[in-house]
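Just below is one structure, and these are the notes that go with it.
The values are calculated or read from the model by the stated rules, or taken from the named source; none is laboratory data. Note that the coordinates shown come from a computational prediction; the quantities given were computed from them, not determined experimentally. Cβ placement follows ideal geometry from the backbone for every residue including glycine, while neighbour counts extend to all protein chains displayed. Surface accessibility is based on the protein's heavy atoms, side chains included, excluding ligands, DNA and RNA. Shrake-Rupley method; radii C 1.70, N 1.55, O 1.52, S 1.80 Å.
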Amino acid sequence: MSSNGHARTAAVAIGAATCTILGALLVGGSGEVSASPPAEPKVQDEFDSLGPEVRAAKLSDGRTAHYSDTGNKDGRPVLFIGGTGTSARASHMTDFFRTTRQDLGLRLISVERNGFGDTEYDKGLGKADFAKDALEVLDKVGVDEVSVIAISGGGPYAAELAARAPGRIAQLHLAAALPPFGARPAYCGLSDDALAAAVKEQIKDPRKWWAFPDDSPVKSIPGFADTAYEEGARTYNQRGQQADPAPQVHEQKLYCERPGPDLSKLDAPVFLYGGKKDTTVPPSTLKTWQEALPGEAKVRTYADSGHDVQYRHWDQILVDLAGHGDRTVVCKGDRTRVLAAREADRFVAKGKATLGSCAWVKK
């Protein structure tokens, strides 16, 4: 045999050996190719929240209150009082910082007001009735002492609650909140019909009711606008009331009542938040609140905010509600910090930090 023949024979032998080895690795006893199965897909064991559930509670006078209650039941309870024209689900509009709220151990409760959302309209009810309803709901869910955060038109109701049950208020937080003190709103001279005509078109279209200026920071929150529109639709159409302006007119006329309640017995920390660009509840109202409150309130004002301060600085409000009012939320570098107030002020003054979470910077 030639040398070429020997080479070919050797090559065939090597090839056969290689195939035998590979076959041993790839072929099982059944003669089928065996391979590792794909990783098992993962499916969660619990549902993700779609926002707070609205529940019903029978009140002592036979009426039904509607409320939401979200967060750990062992957490620090907070009563959320939304602005005018909001339902018991309005707290869902703050869920862009839900993770922070959960990490801070805050339990958010909201009680719906007369004529909005699921709640039937009764023209005979006033702000004191809401305070009574809220306290009954808190009793039913096992809450004695509660912190309160009131936004915009929720201010007069928070004042009524604080006057009625000052001993049950752990903290009072008022964000761009309308005071039931001082000068009455300009529309108070209008008749009910004239006021109804003024608000009718706005409440028929939630996009108008919840319209924020183009430069509002809330524009950077994913899904915020649509969540607000859904809240507006729920508030004015949930019971098929087809945007009846009567409850809205009634509430706005309640804002005209003077004098406001006596807050002299309130012995709890108070925080006031205001936007310097706010034309709806202007910064001057902070002084009005201060004059009506018995103690010295912690005042936080922001040049970057208008009547959206409650959302732009919701991160700070959450930290305050959790009992860290001596600290300030800032974005330093690319990391959100909650620093001692003096340290935070120093970094902000030097341009090394900005107020609020870094989420506001990452637009």
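Each Lys or Arg adds one and each Asp or Glu takes one away; over the other residues whose Cβ falls under 9 Å from the Cβ of Arg89, this sums to -3. Taking square-rooted eigenvalues a ≥ b ≥ c of the alpha carbon gyration tensor, is the stretch 246-286 rounded, prolate or oblate, where a/c under 1.5 means rounded and, failing that, a/b exceeding b/c means prolate? Because a/c hits 1.5 or more and a/b fails to exceed b/c, the stretch 246-286 counts as oblate.
Normalising the average separation of contacting C-alpha pairs (under 8 angstrom, six or more residues apart) by the number of residues puts the relative contact order of the chain at 15 percent.
Sorting the segments 100-107, 263-270, 177-184 by their residues' average number of neighbouring beta-carbon atoms within 10 angstrom, most packed first, yields 177-184, 100-107, 263-270. Counting only DSSP H runs of at least 4 residues, each contributing -39500 (n - 2.57), and dividing by the residue count of the chain, the helix-based mean residue ellipticity at 222 nm comes to -10000 deg cm²/dmol.
In terms of accessible area, using a 1.4 Å probe and ignoring ligands and nucleic acids, Asp308, Asp74, Asp61, Asp262 rank largest first as Asp74, Asp262, Asp61, Asp308.
Using a 10 angstrom Cβ neighbour count of at most 11 plus a DSSP loop assignment to flag exposed GluC sites (Glu not before Pro), which longest range of the chain is free of such sites? Within the chain, the longest run free of exposed GluC sites (Glu not before Pro) spans 47-295. The angle between the Cα long axis of helix 155-164 and the longest principal axis of the Cα atoms of the chain comes to about 70 degrees, rounded to the nearest 10.
Can you give the local net charge around Gly62? Use residues other than it whose beta-carbon is closer than 14 angstrom to its beta-carbon, Lys and Arg +1, Asp and Glu -1. Charge balance near Gly62 sits at -3.
Basic side chains Lys and Arg get +1 at the Cβ, acidic Asp and Glu get -1 at the Cβ, and with that the dipole of the stretch 37-184 about its Cα centre reaches some 520 debye.
Which residues does the label zone of Ala194 cover in the stretch 126-159, counting backbone N under 16 Å from a point 7 Å along Cα→Cβ? What the label zone holds, given the 16 Å backbone N cut-off, is no residue at all.
For a straight C-alpha distance cut-off of 20 angstrom, the lysines reachable from Lys352 (same-chain residues fewer than eight places away being disregarded) are Lys332, Lys362, Lys363. Straight-distance candidates among the aspartates and glutamates for linking to Lys132, with alpha-carbon spacing under 14 Å and chain neighbours fewer than 8 residues away dropped: Asp61, Glu112, Asp144, Glu160. The dipole here belongs to the stretch 239-363: it is taken about the Cα centre, uses +1 on the Cβ of Lys and Arg and -1 on the Cβ of Asp and Glu, and is about 680 debye. Rounded to the nearest Hz, the phi-derived 3J(HN,Hα) couplings of the stretch 257-269 under the Karplus curve 6.51 cos²θ - 1.76 cosθ + 1.60 (θ = phi - 60°) are 5, 9, x, x, x, 7, 9, 4, 8, 6, 10, 8, x, where x marks glycine and proline. Entry note, the stretch 296-340: relative contact order of 21 percent, from Cα contacts under 8 Å with a spacing of 6+ residues. Close amide H pairs (under 5 Å, H built 1.01 Å from N) link Val299 with Leu272, residues at least 5 positions away or on another chain. Let a ≥ b ≥ c be the square roots of the eigenvalues of the Cα gyration tensor of the stretch 176-248; is it rounded (a/c under 1.5), or, if not, prolate (a/b larger than b/c) or oblate? Here the stretch 176-248 falls in the oblate category. Spatially close Lys pairs in the stretch 220-324, defined by Cα atoms under 24 Å apart and a spacing of eight or more places or different chains, total 8. In the chain, the longest principal axis of the Cα atoms and the axis of helix 192-204 are about 0 degrees apart.
Charged neighbours of Tyr157, selected by a Cβ distance under 9 Å, balance to +1 (K, R count +1; D, E count -1). Rounded to the nearest whole Hz, the Karplus-based 3J(HN,Hα) values (6.51 cos²θ - 1.76 cosθ + 1.60, θ = phi - 60°) of the stretch 136-152 follow the sequence 5, 5, 4, 4, 5, 9, x, 10, 9, 8, 9, 8, 10, 10, 10, 10, 6, with x at glycine and proline. Peptides 76-84, 353-361 ranked from most to least packed, by the mean per-residue count of other Cβ atoms within 10 Å: 76-84, 353-361.
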